[in-house]
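Take a look at the structure below.
Every read-out reported here was derived from the displayed coordinates using simple, explicitly stated rules and does not represent laboratory data. Just so it is clear, the structure is predicted and the values come from calculations on it, not from any experiment. Heads up, the Cβs are rebuilt from the backbone with ideal geometry, glycines too, and the neighbour counts pull from every protein chain shown.
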Amino acid sequence: MREVLETLKEADIPMAIVTAKVRSEMSYQFDHLGLNNFFRVIICAEDAPRPKPYPDPLLLACEKLSVAPQEALFLGDSVYDITAARLAGVPFALALWGALERERVLTMHPDFVLSSPRDLLKILRKSLRERAKALL
């Protein structure tokens, strides 16, 4: 995952963490991984009026990143994640490597299904190529 995050940061892709954890819990579980510095914005449960599965945290992240919801991509692994993405109008990519309710989320028809973190780069490269074609 670190390699993918480094590639995205080098490409100046704005990234956020949107979690249902409170900030102290998120810090305890993630700070030691040394990945937080890749993200411009971190939205925790207490930062939005309503947590996932409501769209509020995703919409707040988009606002803070100055990105329209339909131009973002939410990478998640749960029913709550895909529900929040749908309600926010954000395309959703299912991260199979973390999904606990894989089959249930798949029945909700995610926009993308990723087997590994590197699949995220493939999706973004394709999207950039398509946008470039549209600008010609």
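Classify the stretch 2-135 as rounded, prolate or oblate, taking a ≥ b ≥ c as the square roots of the eigenvalues of its Cα gyration tensor: rounded when a/c is under 1.5, otherwise prolate if a/b is larger than b/c and oblate if not. Since a/c stays below 1.5, the shape of the stretch 2-135 is classed as rounded. Length gained on full extension, Asn36 to Ser116, computed as 0.36 nm times the residue gap minus the Cα-Cα distance: 26.8 nm. Considering only Cα atoms, the convex hull volume of the stretch 12-87 works out to 87 Å³ per residue.
With K and R counted +1 and D and E -1, the other residues having a Cβ less than 13 Å from that of Pro55 yield a net charge of 0. Working from Cα pairs under 8 Å separated by at least six residues, relative contact order for the chain is 18 percent.
Taking a 22 Å limit on the Cα-Cα distance, which of the listed pairs Lys64/Lys126; Lys9/Lys64; Lys52/Lys122; Lys9/Lys122 fall beyond it? Beyond 22 Å: Lys64/Lys126; Lys52/Lys122.
Taking the charge dipole of the chain about its Cα centre, with +1 at Lys and Arg Cβ atoms and -1 at Asp and Glu Cβ atoms, the residue from Pro110, Val79, Cys62 reaching farthest to the positive side is Pro110.
Amide H contacts for Ile17 (H built 1.01 Å from N in the peptide plane; partners 5 or more residues away or on another chain; cut-off under 5 Å): Val41, Ile42, Ile43.
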